[in-house]
1. Between a first residue in region 31-54 that is among the charged types (D, E, K, R) and a second residue that is buried (at least 19 other Cβ atoms within 10 Å of the Cβ), which pairs have beta carbons less than 6 Å apart while being 6 or more apart in sequence or on different chains?
2. Can you work out which of the residues in region 1-18 that are at pLDDT 90 or above and of a type in the set (A, V, I, L, M, F, W, C) is farthest from residue 87 (Cα to Cα)?
3. Return the pairs, sorted by first residue and then second, in which the second residue is of a type in the set (Gly, Ala, Ser) and surrounded by 17 or more Cβ atoms within 10 Å (Cβ to Cβ), the first residue lies in region 128-139 and is under 16 Å from residue 17 (Cα atoms), the beta carbons are less than 8 Å apart, and the residues are 6+ apart or on different chains.
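The values are calculated or read from the model by the stated rules, or taken from the named source; none is laboratory data. If you're wondering where the values come from, they're calculated on a predicted model, not measured in any experiment. Here the Cβ is made from the backbone with ideal geometry for all residues, glycine too, and neighbour counts use every protein chain on show.
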Amino acid sequence: MSNYIRPKIPGATVFCTVVLAQRGSTLLVDHIDMLREAVKETRDQRQFQIDAWVVLPDHMHFVWTLPEGDCDLGVRVGAMKARFTMKLRRAGFSPPATLPVVRNGRYAGLKPGLRKTKRESALWQRRFWDHHIRNDAEYRAYVQYCHINPVKHGFVERPEDWPYSTVHLEKEM
């Protein structure tokens, strides 16, 4: 197993991708209000700025800026995932009992077990992908990537047509 250590950069601006365990699911857009509420509650508890955000049926991308002196991105992402999972459960949704088979990478073909001691459920893929943004050009590229993603996946023809994106906020700024 890899021993990935995230950079600890206080006040960093970070691009992230968070994915459901069951690719092809529409859970995130089907329950967008619960997801938005989970993000808002996480943001109220541990502040961060949302620079860009797009939610697709089975994954989401976002650019967040952490407060000065704070580098704890993982706690925020974990809290958001946990809150969304709890809201779904309270609404009567039961996550699958096991994680799906890993489709590619080092563990392809394996079916990982849930870590009960970590109260893990089979809703989300373990971990998340992140990239610490280093300059203005990267910032613009990752914000644009967030907004163009629904077009890339064939959901809409123009970014403005996707309702689950901060592209609409840019127009108002």
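1. Correct list of pairs: 41/83; 46/76; 51/63.
2. 12
3. 132/12; 133/12
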